[in-house]
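Worksheet for the structure shown next.
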Amino acid sequence: MIGIIAATVQEREALCKAFGAEAKGPMEYVRGRMEGKDVVLVQAGIGKVNAALCAQKMIDLYQPEAIINVGVAGALDPDLHVGDLVISRDAVQHDFDTMYFGDSPGYVSGVGLSMPADQALMEKAEKAASALGLSYRIGRVASGDQFIASPEKKEWIATTFQASCTEMEGAAIAQVALLNQVPFLIIRAISDGADDGAPVSYYEFVEMAAERAVKLIDAMLKS
Ligand code: ADE
């Protein structure tokens, strides 16, 4: 079984629409078959704690063979534009700060900085994205409990972590997946530039971007 975790209502709707699944509320797991694969879908709600809780519960209840986190993100890389996809090479938590204990920014006690995604899932996603002719990048996802809408903060995250995009759940799911030895991948479509215009851009493009990210999962499941 493959577990798929979204965060927001818009991301959940995109998933349920694509897969003809019944939409349920936050933290309610929906089982089904998609493209011949057993799947379990859930909307975690926004932020790292919701995401981590939801991922651990999913693993305990369903023992998924892999977890995919799907949704939208703010672009950090200037070459990424609204609608472009990011396939995670790894994930970091940009708001994790124990620098006073001598750690570098983002270093997570007991886990480290970089949480690497599953290589085989990355390759499947890349193949599916290029077969669909989607504009994508394989890169680092920087997660934190903050909606980034400031050029200064964006610049700090981008340069400190060399990350492609920022969102609020992926690295928390990554941490839980790694600690449980479950392969994971994050697929995000850009909804905004994580700058002054981010709130407006987010609301304008969130549905389109979420649908695009889901389209890639659909193609991956088919393959
Ligand atoms: N998700 C989509 N855009 C985002 C942003 N700018 N910051 C954090 N999470 C996001």
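The values are calculated or read from the model by the stated rules, or taken from the named source; none is laboratory data. Remember, predicted model here, so these are calculated numbers, not experimental data. When we count neighbours, we look across all protein chains shown, and the Cβ atoms used for this are built from the backbone with ideal geometry, even at glycine. Ligands, DNA and RNA are stripped out before the accessible areas are found, and what is left, the full protein with its side chains, is counted by its heavy atoms. Shrake-Rupley method; radii C 1.70, N 1.55, O 1.52, S 1.80 Å.
Descriptive notes on the structure:
- Tensor-based shape of the stretch 8-72 (alpha-carbon gyration tensor, a/c under 1.5 rounded, otherwise prolate or oblate): oblate
- Amide H contacts under 5 Å for Ala194: Ala75, restricted to partners 5 or more places along the chain or on a different chain, H placed in the peptide plane at 1.01 Å from N.
- Percent of beta bridges antiparallel (DSSP, the chain, rounded to nearest 5): 30
- With each label modelled as a point 7 angstrom along the Cα→C-beta vector, the Glu28-Glu207 pair spans 2.2 nm.
- Sequence-separation-based contact order of the chain, relative, with Cα cut under 8 Å and 6+ spacing, percent: 29
- Working note: Karplus 6.51/-1.76/1.60 with θ = phi - 60° gives the stretch 120-132 the couplings 5, 5, 4, 5, 4, 5, 5, 4, 5, 5, 6, 5, 7 Hz, where Gly and Pro are set to x.
- D by Stokes-Einstein for the stretch 34-106, Kirkwood Rh over Cα pairs, 20 °C, 1.002 mPa s: 140 µm²/s.
- For Asp84, residues with placed amide H under 5 Å, excluding near neighbours: Ile190
- q = 0.12, 0.14 Å⁻¹: log10 I(q)/I(0) that the Debye formula gives for the chain, counting C-alpha atoms only: -0.55, -0.76
- Solvent-accessible area of Met122 with every protein chain in place, 1.4 Å probe, in Å² to the nearest 10: 20
- Tyr62 exposes around 50 Å² of accessible area when a 1.4 Å probe is run over every protein chain in place.
- For Ala91, distant residues with modelled amide H under 5 Å away: Met115, Ala117, Val141
- Using θ = phi - 60° and Karplus 6.51 cos²θ - 1.76 cosθ + 1.60, couplings along the stretch 48-60 (whole Hz; Gly, Pro as x): 5, 5, 4, 5, 5, 4, 5, 5, 5, 5, 4, 5, 5
- Hull volume in cubic angstrom per residue (convex hull over the Cα atoms of the stretch 141-216): 89
- Residue pairs, from the table Lys24/Lys153; Lys48/Lys154; Lys24/Lys154; Lys48/Lys222; Lys57/Lys154, whose Cα atoms sit over 27 Å apart: Lys24/Lys153; Lys24/Lys154; Lys48/Lys222; Lys57/Lys154
- Under the convention that each Lys and Arg Cβ holds +1 and each Asp and Glu Cβ holds -1, the size of the dipole of the stretch 98-179 around its Cα centre is about 200 debye.
- A viscosity of 0.890 mPa s and a temperature of 25 °C, combined with the Kirkwood radius over Cα pairs in Stokes-Einstein, give a translational diffusion coefficient for the stretch 64-185 of 167 µm²/s.
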